[in-house]
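Note sheet for the following structure.
The values are calculated or read from the model by the stated rules, or taken from the named source; none is laboratory data. Keep in mind that what you see is a predicted model, and the values were worked out from it rather than measured. Counting neighbours? That spans all protein chains shown, and the Cβs are built from the backbone with ideal geometry, glycine included. Surface areas here come from the heavy atoms of the whole protein model, side chains and all, with no ligands, DNA or RNA. Shrake-Rupley method; radii C 1.70, N 1.55, O 1.52, S 1.80 Å.
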Amino acid sequence: MKRNEMKRLALSIGAVLLSLTGSLAVTATPAAAANALNTCWTVSDISSNYEYKCEFRIYTMANTPSNDLIKQATFKNAITHFSDFFPFSGCGSVLVVGKSCTLMPGNAPVKVDSIGDNYFILKSLPGHPEGADRYIKFALYIQDGEFRLGVRAWGPWTSVAKATVISGGASAIWGSYADNLRAAG
């Protein structure tokens, strides 16, 4: 390739990247998306940490005393029938702290880091497409009369983790998880 052709190609690629990063900055801005339901947005984008959050409406709830019982039953169902709801296979039906498994498709090894009253946290292991030592927390909660799934991922910055959010992949994947939980309710 001649020098002028290389220069034109480099300028073209630079222009495309500039236009992409300009539009990505708008779509990944936390302030713009923080109040939006059924989407994911970037919270921190620095060399030592890439964090994103998502929030999905599972369904609207009437203000009744049984809401907490519904939330607890749904969460129990989500961790004792995990493979029926989670959008990736490979971890079996029951989640327990310390369990390691490989999520498929994607050949993504993870370990169950912790399980609380309404959440569980997975830690990525070496060989995971987003890199090792990233955490992702899935929580079920009630806010503003809605039963919601919250997702928070954080850990070492990787281009794959960032691309998952910017491309809309995280919103699609975790949105399907919310849809599966909704269908069960």
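What the table below lists for this structure:
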{"quantity": "Residue match in the stretch 129-140 (condition: crowded, with 16+ Cβ neighbours inside 10 Å, free of Cβ contacts under 8 Å to residues at least 40 places away in the same chain, of a type in the set (Ser, Thr, Tyr) and under 19 Å from GLY169 (Cβ atoms))", "calculated": "yes"}
{"quantity": "Residue selected from the stretch 152-167 under the condition in a loop (DSSP other than H, G, I, E, B) and in contact (Cβ under 8 Å) with a residue 12 or more places away in the chain, by the criterion most open to solvent (accessible area, probe 1.4 Å)", "calculated": "TRP157"}
{"quantity": "Residues of the stretch 61-102 classified as of a type in the set (Phe, Trp, Tyr) and over 20 Å from the mean Cα position of the chain (by Cα), total", "calculated": "0"}
{"quantity": "Condition check for ARG182: modelled with pLDDT of 95 or more and surrounded by 13 or more Cβ atoms within 10 Å (Cβ to Cβ)", "calculated": "no"}
{"quantity": "Among (1) of a type outside the set (Ser, Thr, Tyr); (2) on the phi > 0 side of the Ramachandran plot; (3) in contact (Cβ under 8 Å) with a residue 40 or more places away in the chain, the one test that GLY90 misses", "calculated": "(3)"}
{"quantity": "Residue, farthest from ASP117 (Cα to Cα), within the stretch 48-78, restricted to residues that are of a type in the set (Asp, Glu) and modelled with pLDDT of 90 or more", "calculated": "GLU51"}
{"quantity": "Residues located in the stretch 69-81, provided they are among the charged types (D, E, K, R) and open to solvent by 60 Å² or more (accessible area, probe 1.4 Å)", "calculated": "LYS76"}
{"quantity": "Condition broken by GLY145, with the remaining ones in (1) under 19 Å from LEU37 (Cβ atoms); (2) surrounded by 15 or more Cβ atoms within 10 Å (Cβ to Cβ); (3) touching a residue at least 60 places away in the same chain (Cβ under 8 Å) satisfied", "calculated": "(2)"}
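The rows are residues; the columns are (1) surrounded by 15 or more Cβ atoms within 10 Å (Cβ to Cβ); (2) of a type outside the set (Gly, Ala, Ser); (3) within 16 Å of TYR135 (Cβ to Cβ).
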position	(1), (2), (3)
SER83	no, no, no
VAL96	no, yes, no
ALA108	yes, no, yes
ASN118	yes, yes, no
